[in-house]
Amino acid sequence: MKKIKKIGILTSGGDSPGMNAAIRAVARTAIHQNLEVCGIYRGYQGLINGDFTSLHSRSVSNIIQRGGTILKSTRSTEFMSVEGRKKAYDNLMKNNINALVVIGGDGTFRGANIFRIEYDFPIIGLPGTIDNDLYGTDFTIGYDTAINTVVEAVDKIRDTADSHDRLFIIEVMGRDAGFIALRSGIATGAEKILVPESPTYINNLIRLLQHDWSKNKTSGIIIVAEGDDSGGAFEVARKINENFDFFDTRITILGHIQRGGSPTAMDRVLASILGYNTIIALLDGQHGVMAGQVNKEIIFTPFEKSIKHNRKMNLKLLEIARILAL
Ligand code: F6P
């Protein structure tokens, strides 16, 4: 492998709170190790378009507390093509960049893996997604902030649910994964949590609601992940209303408020520690891997293993949540 003198850094896919803290940690550690740092705007699309900027210590000042990503982000379809990746590689060569640090989720690592195999190019990844759906880290950067945002919102909705004797069906993010729904559901005492990892049977759900009603519950919260097989909050509400009209139902889709905002201390610290270790590992010859923290240990997982389908949900937690909400 060629000696690494200059690295490129990009953020890709859905933004997540803590990405800026990760950029800061990567850039400053790299500079401390006498590397040059090139910021690449708009993820893989910026790599294709040559949308580059030099990063210095002061370029990443005052960003640890900011949500979003100063490097901006896209989901590039052009990078999925051989021609797009060729343009990206040519730009890396033209700018003497010897290695890449990519911050993102599942799609980011799939793209990185294809590219590094195609061009034998060193790439190392940081888990930046609110979905927490990557294997090889207990938490992804942004998940804790997103959960806290959801909890704050659901607590507020609970006030109205309780005051007006209503059943709220609240949809949270997670196109293919229910980790946001599960954790926020436990934290808010939701009556039922619906996730893609476990099939949803509306008849069972209605039976549970009838049981709640018979036990004098006059209000409730159902958290549904957007990717749940029920079809989302509107579908769940429609089917409940068709079969059981004891509750006055309302729907809330939390949407992109879950992706923004100032990162929690936990996300800032995780991003900082992983960012530092990523550069140290890269200089130590590691690539094709994602940095993560498991049981407080820093570990590196090959991209092909880190992707979401390898991460299993502890379904027992759904049962516990239901018992605690009885
Ligand atoms: O991958 C993160 C995520 O927030 C998913 O939970 C959600 O389904 C998706 O991004 C939404 O993406 P977009 O902002 O492109 O609509």
Would you please give the residues with an amide H less than 5 Å from that of residue 248, counting only those at least 5 places away or on a separate chain, with H modeled from the backbone geometry? 167
Determine, from the Cβ-Cβ distance of residue 309 and residue 206 and an R0 of 41 Å, the FRET efficiency 1/(1 + (r/R0)^6), rounded to the nearest 0.05. 0.85
Where Lys and Arg each count +1 and Asp and Glu each count -1, what net charge lies around residue 115 among other residues with Cβ under 11 Å from its Cβ? +2
Difference of contour (0.36 nm per residue) and Cα-Cα distance, residue 152 to residue 175: 6.1 nm
For the chain, modelled as a GNM with alpha-carbon contacts under 10 angstrom, which of 18, 185, 111 fluctuates the most? 111
Between residue 2 and residue 323, what is the spin-label point distance in nm, taking each point 7 Å from the Cα along the Cα→C-beta axis? 5.8
Rule-of-thumb Rg ratio for the chain [Cα; 2.2 N^0.38 Å; N residues]: 1.09
Suppose R0 equals 25 Å; then what is the FRET efficiency for residue 77 and residue 119 from their Cβ-Cβ distance, rounded to the nearest 0.05? 0.80
Descending accessible area (1.4 Å probe), largest on the left, turns 108, 69 into 69, 108
Hits in the stretch 1-45: amide N under 19 Å from the 7 Å Cα→Cβ extension of residue 93, namely 1-8
Estimated 222 nm signal from helices in the chain, with DSSP H stretches of n ≥ 4 weighted -39500 (n - 2.57), rounded to 500: -13000 deg cm²/dmol
Out of 255, 292, 220, a Gaussian network model of the chain with alpha-carbon springs under 10 Å gives the largest mean-square fluctuation to 255
Once neighbouring chains are kept in place and the probe is 1.4 Å, which whole percent of the accessible area of the chain is contributed by carbon and sulfur? 50
What is the packing order of peptides 267-280, 41-54, 128-141, 201-214, taking the mean over residues of other C-beta atoms within 10 Å and listing the highest first? 128-141, 267-280, 41-54, 201-214
Along the Cα→Cβ direction, 7 angstrom out, place labels at residue 299 and residue 216. What is the inter-label distance in nm? 4.8
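The values are calculated or read from the model by the stated rules, or taken from the named source; none is laboratory data. Keep in mind that what you see is a predicted model, and the values were worked out from it rather than measured. So basically every Cβ, Gly included, is an ideal-geometry build from the backbone, and we count neighbours across all protein chains shown. Areas reflect the complete protein model, heavy atoms only, side chains present, ligands, DNA and RNA absent. Shrake-Rupley method; radii C 1.70, N 1.55, O 1.52, S 1.80 Å.
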